[in-house]
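Comments concern the structure below.
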Amino acid sequence: MCTSRKDEGSITYDGEKIELKPIGYVKKGTEDKDPSEPNTLSKLILRKDLAEALDGLNEFSHLFVLFWMHKIERTLMKAHPRGRSDMPLLGIFATRTPYRPNPIGLTLVKILKVDRNVITVQGLDAFHGTPILDLKPFDPWDMTQDIRVPKWWMKLEKEKTTKRN
Ligand SMILES: C[S@@+](CC[C@H](N)C(=O)[O-])C[C@H]1O[C@@H](n2cnc3c(N)ncnc32)[C@H](O)[C@@H]1O
(Lines give C-alpha, C1' and ligand atoms only; values in the text may rest on other atoms or scores of the structure.)
Protein backbone atom coordinates (compact mmCIF):
# COMPACT_ATOMS: atom_id res chain seq x y z
CA MET A 1 0.00 0.00 0.00
CA CYS A 2 1.14 3.51 -0.77
CA THR A 3 0.76 6.22 1.86
CA SER A 4 0.46 9.67 0.42
CA ARG A 5 -0.08 13.05 1.91
CA LYS A 6 -1.17 16.38 0.62
CA ASP A 7 1.48 18.94 1.44
CA GLU A 8 -0.23 22.17 0.41
CA GLY A 9 2.02 24.57 -1.43
CA SER A 10 5.23 22.53 -1.14
CA ILE A 11 5.82 22.42 -4.92
CA THR A 12 4.64 25.01 -7.38
CA TYR A 13 5.38 25.47 -11.06
CA ASP A 14 3.79 28.42 -12.83
CA GLY A 15 5.17 27.68 -16.30
CA GLU A 16 8.22 29.83 -15.65
CA LYS A 17 9.44 29.33 -12.11
CA ILE A 18 9.52 26.35 -9.76
CA GLU A 19 9.25 26.79 -6.04
CA LEU A 20 10.65 23.94 -3.99
CA LYS A 21 10.57 23.24 -0.29
CA PRO A 22 13.77 21.66 1.08
CA ILE A 23 13.36 18.23 2.64
CA GLY A 24 16.09 19.04 5.16
CA TYR A 25 19.57 20.47 5.49
CA VAL A 26 23.20 19.37 5.77
CA LYS A 27 24.92 19.37 9.13
CA LYS A 28 28.72 19.23 9.30
CA GLY A 29 30.92 18.78 12.36
CA THR A 30 33.08 21.73 11.41
CA GLU A 31 31.69 24.60 9.37
CA ASP A 32 34.90 25.72 7.71
CA LYS A 33 36.35 22.36 6.65
CA ASP A 34 36.75 21.86 2.88
CA PRO A 35 33.53 20.05 1.91
CA SER A 36 35.26 18.39 -1.07
CA GLU A 37 37.46 16.27 1.23
CA PRO A 38 36.37 12.74 0.11
CA ASN A 39 36.06 11.23 3.59
CA THR A 40 34.11 14.12 5.07
CA LEU A 41 31.20 13.07 7.29
CA SER A 42 27.85 14.86 7.18
CA LYS A 43 24.47 14.45 8.73
CA LEU A 44 21.41 14.90 6.57
CA ILE A 45 18.83 16.30 8.94
CA LEU A 46 15.48 15.71 7.32
CA ARG A 47 12.23 17.35 8.31
CA LYS A 48 10.66 15.32 11.13
CA ASP A 49 7.44 14.96 9.15
CA LEU A 50 9.42 13.03 6.49
CA ALA A 51 11.00 10.43 8.81
CA GLU A 52 8.59 7.75 7.57
CA ALA A 53 9.82 8.33 4.00
CA LEU A 54 13.22 6.88 5.01
CA ASP A 55 11.87 3.42 5.82
CA GLY A 56 13.98 0.83 3.97
CA LEU A 57 16.82 3.20 3.07
CA ASN A 58 19.23 1.53 5.51
CA GLU A 59 19.34 -1.54 3.23
CA PHE A 60 21.22 0.46 0.59
CA SER A 61 24.93 1.28 0.77
CA HIS A 62 24.89 4.48 -1.29
CA LEU A 63 22.65 7.41 -1.96
CA PHE A 64 22.39 10.28 -4.44
CA VAL A 65 21.91 13.59 -2.65
CA LEU A 66 20.43 16.52 -4.59
CA PHE A 67 21.01 19.84 -2.91
CA TRP A 68 20.72 23.57 -3.50
CA MET A 69 24.07 25.39 -3.36
CA HIS A 70 22.52 28.32 -1.55
CA LYS A 71 25.68 30.43 -1.22
CA ILE A 72 26.18 30.77 -4.96
CA GLU A 73 25.55 34.38 -6.01
CA ARG A 74 26.52 34.38 -9.67
CA THR A 75 25.96 32.34 -12.78
CA LEU A 76 28.52 31.63 -15.47
CA MET A 77 28.13 30.58 -19.10
CA LYS A 78 31.67 29.20 -19.32
CA ALA A 79 34.18 28.05 -16.74
CA HIS A 80 37.55 26.38 -16.38
CA PRO A 81 37.19 22.98 -14.65
CA ARG A 82 38.07 23.31 -10.92
CA GLY A 83 38.67 27.04 -11.61
CA ARG A 84 42.06 26.25 -13.15
CA SER A 85 43.15 28.56 -15.94
CA ASP A 86 45.43 25.84 -17.39
CA MET A 87 42.30 23.80 -18.15
CA PRO A 88 40.12 24.52 -21.22
CA LEU A 89 37.34 27.10 -21.00
CA LEU A 90 34.12 25.08 -21.29
CA GLY A 91 30.39 25.59 -21.30
CA ILE A 92 29.28 25.14 -17.69
CA PHE A 93 27.10 22.15 -18.56
CA ALA A 94 30.32 20.34 -19.53
CA THR A 95 31.63 20.89 -16.00
CA ARG A 96 30.63 20.36 -12.37
CA THR A 97 31.02 24.04 -11.47
CA PRO A 98 28.53 25.26 -8.84
CA TYR A 99 28.07 28.54 -10.83
CA ARG A 100 25.11 27.25 -12.87
CA PRO A 101 21.72 28.80 -13.69
CA ASN A 102 20.15 26.45 -11.12
CA PRO A 103 22.85 25.71 -8.53
CA ILE A 104 21.73 22.13 -7.91
CA GLY A 105 24.39 19.76 -6.60
CA LEU A 106 24.29 16.01 -7.19
CA THR A 107 26.62 13.82 -5.14
CA LEU A 108 26.84 10.09 -4.57
CA VAL A 109 27.53 9.39 -0.88
CA LYS A 110 28.03 6.36 1.33
CA ILE A 111 25.29 5.71 3.91
CA LEU A 112 26.76 5.09 7.37
CA LYS A 113 23.61 5.24 9.50
CA VAL A 114 19.89 5.95 9.24
CA ASP A 115 18.32 6.99 12.54
CA ARG A 116 14.74 8.32 12.39
CA ASN A 117 15.01 11.58 10.39
CA VAL A 118 18.84 11.71 10.40
CA ILE A 119 21.14 10.02 7.88
CA THR A 120 24.90 9.99 8.47
CA VAL A 121 26.81 9.92 5.19
CA GLN A 122 30.38 10.03 3.93
CA GLY A 123 31.60 12.04 0.95
CA LEU A 124 29.11 14.89 0.64
CA ASP A 125 30.76 18.02 -0.84
CA ALA A 126 28.15 20.45 0.45
CA PHE A 127 28.58 23.18 3.07
CA HIS A 128 27.03 23.11 6.51
CA GLY A 129 23.49 24.47 6.21
CA THR A 130 22.97 23.46 2.57
CA PRO A 131 19.29 22.79 1.81
CA ILE A 132 18.54 19.24 0.61
CA LEU A 133 16.12 18.84 -2.31
CA ASP A 134 15.88 15.09 -2.75
CA LEU A 135 17.48 11.71 -2.00
CA LYS A 136 17.60 8.68 -4.29
CA PRO A 137 19.15 5.30 -3.47
CA PHE A 138 21.94 4.17 -5.78
CA ASP A 139 21.29 0.88 -7.55
CA PRO A 140 23.01 -1.10 -10.34
CA TRP A 141 20.85 0.60 -12.99
CA ASP A 142 22.91 3.72 -12.31
CA MET A 143 26.07 1.98 -13.53
CA THR A 144 27.31 1.84 -17.09
CA GLN A 145 30.43 0.56 -18.80
CA ASP A 146 30.95 2.60 -21.96
CA ILE A 147 32.13 5.78 -20.24
CA ARG A 148 34.03 8.47 -22.14
CA VAL A 149 35.60 11.52 -20.48
CA PRO A 150 37.70 14.33 -21.99
CA LYS A 151 41.51 14.42 -21.80
CA TRP A 152 41.46 17.34 -19.33
CA TRP A 153 39.48 15.17 -16.89
CA MET A 154 42.03 12.35 -17.16
CA LYS A 155 44.81 14.87 -16.47
CA LEU A 156 43.10 16.15 -13.31
CA GLU A 157 42.44 12.62 -12.10
CA LYS A 158 46.07 11.63 -12.67
CA GLU A 159 47.22 14.64 -10.63
CA LYS A 160 44.89 13.64 -7.80
CA THR A 161 46.25 10.08 -7.74
CA THR A 162 49.86 11.31 -7.80
CA LYS A 163 49.15 13.68 -4.88
CA ARG A 164 47.55 10.88 -2.84
CA ASN A 165 50.55 8.51 -3.31
C1 LIG B 1 32.02 21.65 -7.57
S2 LIG B 1 30.47 21.57 -6.63
C3 LIG B 1 29.97 19.93 -7.07
C4 LIG B 1 28.76 19.46 -6.31
C5 LIG B 1 28.29 18.08 -6.74
N6 LIG B 1 29.26 17.03 -6.46
C7 LIG B 1 27.92 18.09 -8.21
O8 LIG B 1 28.70 17.56 -9.00
O9 LIG B 1 26.87 18.60 -8.56
C10 LIG B 1 31.07 21.32 -5.00
C11 LIG B 1 31.62 22.59 -4.41
O12 LIG B 1 30.55 23.52 -4.29
C13 LIG B 1 30.75 24.33 -3.17
N14 LIG B 1 29.54 24.27 -2.34
C15 LIG B 1 29.09 23.25 -1.59
N16 LIG B 1 27.96 23.57 -0.96
C17 LIG B 1 27.66 24.84 -1.35
C18 LIG B 1 26.62 25.74 -1.02
N19 LIG B 1 25.64 25.41 -0.20
N20 LIG B 1 26.64 26.97 -1.60
C21 LIG B 1 27.64 27.31 -2.43
N22 LIG B 1 28.66 26.52 -2.76
C23 LIG B 1 28.68 25.28 -2.22
C24 LIG B 1 31.97 23.82 -2.42
O25 LIG B 1 33.07 24.64 -2.76
C26 LIG B 1 32.15 22.43 -3.00
O27 LIG B 1 33.50 22.03 -2.98
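The values are calculated or read from the model by the stated rules, or taken from the named source; none is laboratory data. What you are looking at is a predicted structure, and each value in this text was computed from that prediction instead of being measured. Neighbour counts run over all protein chains shown; Cβ positions are idealised from the backbone, glycine included.
Within region 98-131, count every residue that is in contact with a Gly (Cβ under 8 Å, 6 or more places away or on another chain) and among the polar types (S, T, N, Q). Qualifying residue count for the region: 3. Taking Ile147, is it more than 27 Å from Leu41 (Cβ to Cβ) and away from the ligand (no atom under 14 Å from the Cβ)? When the stated conditions are applied, Ile147 passes them.
The set of residues in region 35-71 that are over 17 Å from Leu133 (Cβ atoms), part of a helix (DSSP H, G or I) and either within 11 Å of the ligand (Cβ to nearest atom) or among the small types (Gly, Ala, Ser) (or both) contains only Ala51. Taking region 84-165 and the strands (runs of 3 or more DSSP E) fully enclosed by it, the elements with 3 or more residues that are crowded, with 17+ Cβ neighbours inside 10 Å and at pLDDT 95 or above are at 104-115, 131-137.
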